[in-house]
């Protein structure tokens, strides 16, 4: 069973993903794959350097969140590499959790699912949802971003309405991490029956 897990920045996706892993679910983290495919010494790193010069990850992040053309150029390099790496990871999954129909359960944690992919190919799409105002507060308090940086990151993503429109299931990420972990466990209990 292929599941897409998404949500806006600071919505609680990482908490949900960590709980899934703790419960034995194979989770493919597209953010981590994006870091891996442009790690020093990789063909992706060489391609990024050819487009943007020698800049560090923080400089690159600022650049692409301030410039849509630069963001699109970076995505054209990174996304195909991430999709290929995700397919390879999924092909290697032989995890113990499966539905009654014996299909392995694999969760694809994709922050930008609504922006750059289709929900086609997923048996379910789960959205972790939290109001933009709360996510803004989490980014400024918890991640040390300025209001402008946090707003820019939120504004660069799909709207909450767009994400909810592709969802089969919505988990409420606006409450405590404990509450979100309970939602994850309830979903898993039903899913693997």
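Computed from the coordinates by the stated procedures, all read-outs in this text should not be read as laboratory data. Keep in mind it's a predicted model, so treat the numbers as computed, not measured. Note that each Cβ is placed from the backbone with ideal geometry, even for glycine, and that neighbours are counted across all protein chains shown.
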Hydrodynamic radius by Kirkwood for region 113-193, inverse mean 1/r across distinct Cα pairs, in Å, is 14.2 Å
Computed from the beta carbon distance with a Förster radius of 35 Å, FRET efficiency for residue 120 and residue 148 to the nearest 0.05 stands at 0.45
Expressed in nanometres to one decimal, the distance between label points 7 Å along Cα→Cβ at residue 176 and residue 22 is 1.3 nm
Kirkwood Rh over alpha-carbon pairs of region 1-80 plugged into Stokes-Einstein at 37 °C, 0.692 mPa s gives a D in µm²/s of 229 µm²/s
Subtracting the Cα-Cα distance of residue 71 and residue 42 from 0.36 nm times their residue separation yields 8.5 nm
Burial-style ranking of 6-16, 36-46, average other-beta-carbon count within 10 Å with highest first, yields 6-16, 36-46
Percent relative contact order for region 70-184, counting Cα pairs under 8 Å at least six residues apart, stands at 25 percent
Here the percent of antiparallel bridges among DSSP beta bridges lying wholly in region 1-159, to the nearest 5, is 5 percent
For region 1-133, averaging the sequence separation of alpha carbon pairs under 8 Å that lie six or more residues apart and dividing by its residue count, the contact order in percent is 55 percent
On each of the three principal axes the extent of the alpha-carbon atoms of region 2-191, given in whole Å and largest first, is 50, 37, 26
